[in-house]
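Participant: Shown below is the structure under consideration.
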Amino acid sequence: MQNIESPHGRIVSLSRTARPAHALVEIDAVAACPRCKEGKGCGAGLAGSNAASRRVDAVIDTGVEVREGDEVRIELAPQHLLRAAMIVYGLPLLGAVSGAAVAYLAGLSDLHASIAALGGIVLGLAAARMRLRAAQCLRQFTPTIVERMPSDQGQPAGR
């Protein structure tokens with residue numbers, strides 16, 4: 001299994017008034033993804049922006065001292081990453097299979113089965129979008145700043 005390094009970013013702004021404290025982190029989207037570095041990719045940027053950098057809101061882990069401009073490492077818990085993938089990819093796939101199965105069981109033609117599968121994909125995408133827009137769901141998928149990276153000036157990194 002390939003060892004995937006956690007993305008690094010630079011803190012653009014901090015909000016310590018909210019609990020838990022969080023920061024807006026700018027991440028080089030290409031450098032954060034090993035497949036993108038190699039020029040391959042997974043297609044995740046097809047429906048969204050293909051900007052070189054992205055800004056994400058990240059929770060600041062307890063014990064990590066950061067300030068604006070710091071270089072930090074962020075993580076998303078592996079079980080949350082898997083759950084997000086299941087929502088984003090699994091629901092449309094389930095919709096496609098369900099649509100095709102219904103068309104098959106109804107004895108419809110291949111054309112109608114294809115249309116039913118496409119309709120299932122659209123319904124699956126809509127269900128995934130609704131699920132991901134729920135505030136409770138979004139909090140699960142918020143990355144966490146786990147480490148301040150050492151700077152060139154020899155300042156110690158906090159953990």
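Participant: At q = 0.12, 0.21, 0.22 Å⁻¹, what base-10 log of I(q)/I(0) does the Debye formula yield for region 77-141 when every alpha carbon is treated as an equal point scatterer in vacuo?
Facilitator: Scattering profile of region 77-141, log10 relative to I(0): -0.36, -0.75, -0.79.
Participant: So, in nm, how far is label ARG83 from label VAL122 when the simple model puts each one 7 Å beyond its Cα toward the Cβ?
Facilitator: For ARG83 paired with VAL122, the spin-label model returns 3.1 nm.
Read-outs: derived from the displayed coordinates by stated rules, not from any lab. Remember, predicted model here, so these are calculated numbers, not experimental data. Positions of Cβ are generated from backbone atoms using ideal geometry, with glycine treated the same way; all protein chains shown enter the neighbour counts.
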